[in-house]
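Quick notes on the structure that follows.
The values are calculated or read from the model by the stated rules, or taken from the named source; none is laboratory data. These numbers were taken from a predicted model, which means no experiment stands behind them. With ideal geometry, Cβ positions are generated from the backbone for all residues, glycine too; neighbour counts draw on all protein chains shown.
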Amino acid sequence: MARPGPAYLPGDPPPARQRERMVRVDHAGEYGAVRIYAGQLDVLKNKPSAPTIRHMGKQEEAHLDRFNKMIADRRVRPTVFLPVWHAAGYLLGAGTALMGERAAMACTVGVEEQIDDHYGDQLERLGDSDPELTAVVEKFQAEELEHRDTALDHGAEGAPGYPLLTGTVRRVSRLAIWLSERF
């Protein structure tokens, strides 16, 4: 059954521009995720969680590779914030890892829950307008949920201040999404 997608309101960017924004923000998000896992791995490289973090990081690298190709193929301008996300992603990953393995996993939960919401919104807006982008978003959304579940299985909820930590990470992620879509 075809998904019609939402009606566009006056003032909304045209559908083609919205799809460009989606590719831009998804590219930025995957770039940031790679940097988060790099920061976590640099701190936790000799800890029991290192193989799990490495695996999730490799999946994020594959996601980034796919969006690198889409950025080039569709001639979409990357976000101007990539240099900021380079440093900020790494600092978020390393900073939470310095708080311990559970805090690093709580960071993953916060990021992935926000990304799940973000990808869900994108799928609703896409409808049937872009089958290639829809397929990529659906696949990556499932893998991001796997990362969240893995982090929960590895004790994320046992992190000190878990609700505050995940809530803060979600808010920061939501702001990064908003900025990367537009700039």
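What to note about this one:
- Residue check for Thr108: buried (at least 20 other Cβ atoms within 10 Å of the Cβ), out of contact with any strand residue (DSSP E or B) (no Cβ under 6 Å at 6 or more places or on another chain), touching a residue at least 40 places away in the same chain (Cβ under 8 Å) and outside any helix (DSSP H, G or I): no
- Index of the failed condition, Arg75 passing every other in (1) assigned to a helix (DSSP H, G or I); (2) modelled with pLDDT of 95 or more; (3) basic (Lys, Arg): (1)
- Selection count, the range 134-183, where residues are within 17 Å of Ile36 (Cα to Cα), surrounded by fewer than 19 Cβ atoms within 10 Å (Cβ to Cβ) and of a type in the set (Gly, Ala, Ser): 1
- Top-ranked residue in the range 135-183 [being aromatic (Phe, Trp, Tyr) and part of a helix (DSSP H, G or I); ranked as farthest from the chain's Cα centre (by Cα)]: Tyr162
- When the range 26-48 is filtered for residues that are of a type in the set (S, T, N, Q) and either surrounded by fewer than 20 Cβ atoms within 10 Å (Cβ to Cβ) or within 18 Å of Glu181 (Cα to Cα) (or both), only Asn46 remains.
- Which numbered condition Arg75 fails, given (1) on the phi < 0 side of the Ramachandran plot; (2) exposed (fewer than 15 other Cβ atoms within 10 Å of the Cβ): (1)
- For the range 49-72, the candidate set comprises residues that are under 17 Å from Met105 (Cβ atoms) and of a type in the set (Val, Ile, Thr); within that set, the residue that is surrounded by the most Cβ atoms within 10 Å (Cβ to Cβ) is Ile53.
- Members of the range 48-75 found to be under 26 Å from Gly155 (Cα atoms), within 17 Å of the chain's Cα centre (by Cα) and aliphatic (A, V, I, L, M), listed by number: Ile53, Met56, Ala62
- None of Asp128, Asp117 is closer than 26 Å to Arg17 by Cα and touching a residue at least 60 places away in the same chain (Cβ under 8 Å) except Asp128.
- Complete set of residues in the range 147-177 that are free of Cβ contacts under 8 Å to residues at least 40 places away in the same chain and under 18 Å from Gly57 (Cα atoms): Asp149, Asp153
This table checks each residue for (1) over 22 Å from Val137 (Cα atoms); (2) in contact with a helix residue (DSSP H, G or I) (Cβ under 8 Å, 6 or more places away or on another chain); (3) small (Gly, Ala, Ser); (4) in a helix (DSSP H, G or I).
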{"residue": "Ile53", "(1), (2), (3), (4)": "no, yes, no, yes"}
{"residue": "Met56", "(1), (2), (3), (4)": "no, yes, no, yes"}
{"residue": "Glu60", "(1), (2), (3), (4)": "no, yes, no, yes"}
{"residue": "Lys69", "(1), (2), (3), (4)": "no, no, no, yes"}
{"residue": "Thr79", "(1), (2), (3), (4)": "no, yes, no, no"}
{"residue": "Pro83", "(1), (2), (3), (4)": "yes, no, no, yes"}
{"residue": "Gly89", "(1), (2), (3), (4)": "no, yes, yes, yes"}
{"residue": "Leu92", "(1), (2), (3), (4)": "yes, yes, no, yes"}
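- Matching residues in the range 83-95 - criterion: being under 16 Å from the mean Cα position of the chain (by Cα), in contact (Cβ under 8 Å) with a residue 24 or more places away in the chain and surrounded by 15 or more Cβ atoms within 10 Å (Cβ to Cβ): Trp85, His86, Ala88, Gly89, Tyr90, Leu92, Gly93
- Leu98 meets all of the listed conditions (1) surrounded by 17 or more Cβ atoms within 10 Å (Cβ to Cβ); (2) over 20 Å from Val23 (Cα atoms) but one, namely (1).
- Qualifying positions in the range 137-146 - touching a Phe, Trp or Tyr at 6+ places or on another chain (Cβ under 8 Å) and touching a residue at least 40 places away in the same chain (Cβ under 8 Å): Val137, Phe140
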